[in-house]
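In what follows, a single structure is set out as structure tokens and then discussed.
Where a number appears in this text, it was derived from the coordinates with a stated rule and is not lab data. Keep in mind it's a predicted model, so treat the numbers as computed, not measured. Counting neighbours? That spans all protein chains shown, and the Cβs are built from the backbone with ideal geometry, glycine included.
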Amino acid sequence: MLYTARLERKVCISESAQCFHLEFVVDDVENFEFIPGQFVSTVAMDPRGKQQTRAYSIASASRGNRFDLCLNRLESGFFSNYLADLPEGATVQFDGPLGFFLLRSPLTDSIFISTGTGIAPIRAYVQWLFPEDGPDRSAGKEIWCVFGTRHESEIYYREEFETLAARKPNFHYLATLSRPDASWDGLRGYVQEHVARIVQERAARLHQPLPIPPVDPAIPAMELKFDVYAYICGLNNMVASVREKLKEYGWHRKQILTERYD
């Protein structure tokens, strides 16, 4: 089923990366329900009259009939440019919600890892766990949000996450730059380096061995439960690098949830 979404607000949140935050309203429904981590598939005709579709992770928690997207303008990307140029008040058709990049239940300590617009589903997780106008759903679990990019001007939603980290002691926000200038006094390097430190420090604090002992093969896959999960969203190279780093620590593949967008 196709819905129609009206663009209510558009903000360029990084001029250097040409990244846009878009807020949509689905006027034909009272509630557009979705689960954090899901995506919508947008539909439009290109200049040749051919129907194009493009999936975008929803960058917000469910709130009435509204949802947000976060996307970069791409030189050769029809849909990203189409949405980046969409004027406020215009509409776009979409299908959804779709996808299974969802928080595991019951909630555990969690490491959210993203680069670029891979922050979108992570922002949805965080808004759902720590709503501004509702009860905290984190249950006191330790939540790490590790975001990597090249330059300081490309740290998307920085103020939002830093404000939350200052307010919630169990939410830890780590932004790291791979190409910082001399004035940057924050973390440097790639996300997998900082994820490794989180895993090591957590294991030491809980007196857990690393690498983790193998899972008992007699336990059916559907019954496997872990005390910590990683949720990784970004380009394939980053996703693969973080996954391999976690495997070095003995993490089971079912502890590592991924979403790639290239």
Taking 0.36 nm per intervening residue step and subtracting the Cα-Cα distance, what contour gain separates GLU193 from ASN81 on full extension?
37.0 nm
Sort 169-178, 228-237 by packing, meaning the average of other beta carbons within 10 Å per residue, with the highest value first.
228-237, 169-178
Please order LEU86, LEU246 by the number of other Cβ within 10 Å, starting at the fewest.
LEU86, LEU246
Rg(Cα)/(2.2 N^0.38 Å) for region 109-260, N = residue count:
1.06
For the chain, what is the calculated [θ] at 222 nm in deg cm²/dmol (nearest 500), taking -39500 (n - 2.57) for each run of four or more DSSP H residues and dividing by its residue count?
-6500 deg cm²/dmol
Express in nm, to one decimal, how much length is gained between GLU30 and ALA139 on full extension, taking 0.36 nm for each residue of separation and deducting their alpha carbon distance.
36.3 nm
As I understand it, the dipole of region 42-125 uses +1 on the Cβ of Lys and Arg and -1 on the Cβ of Asp and Glu, about the Cα centre. Which of ILE111, ALA59, PHE100 lies farthest toward its positive end?
PHE100
Residue by residue, what Karplus-based ³J(HN,Hα) values in Hz, rounded to whole numbers, does region 137-143 have, using 6.51, -1.76 and 1.60 with θ = phi - 60° and x for Gly and Pro?
9, 6, 6, x, 5, 6, 10
I'd like to verify something in the chain: which complete DSSP H helices, judged by Cα projection on the helix axis, reach 30 Å or more and average at least 0.0 on the Kyte-Doolittle scale?
none
For the ranges 100-106, 33-39, what's the packing order if you count other beta-carbon atoms within 10 Å of each residue, average per peptide, and put the highest first?
33-39, 100-106
Length gained, GLN200-SER105, 0.36 nm per residue minus C-alpha separation, equals 31.8 nm
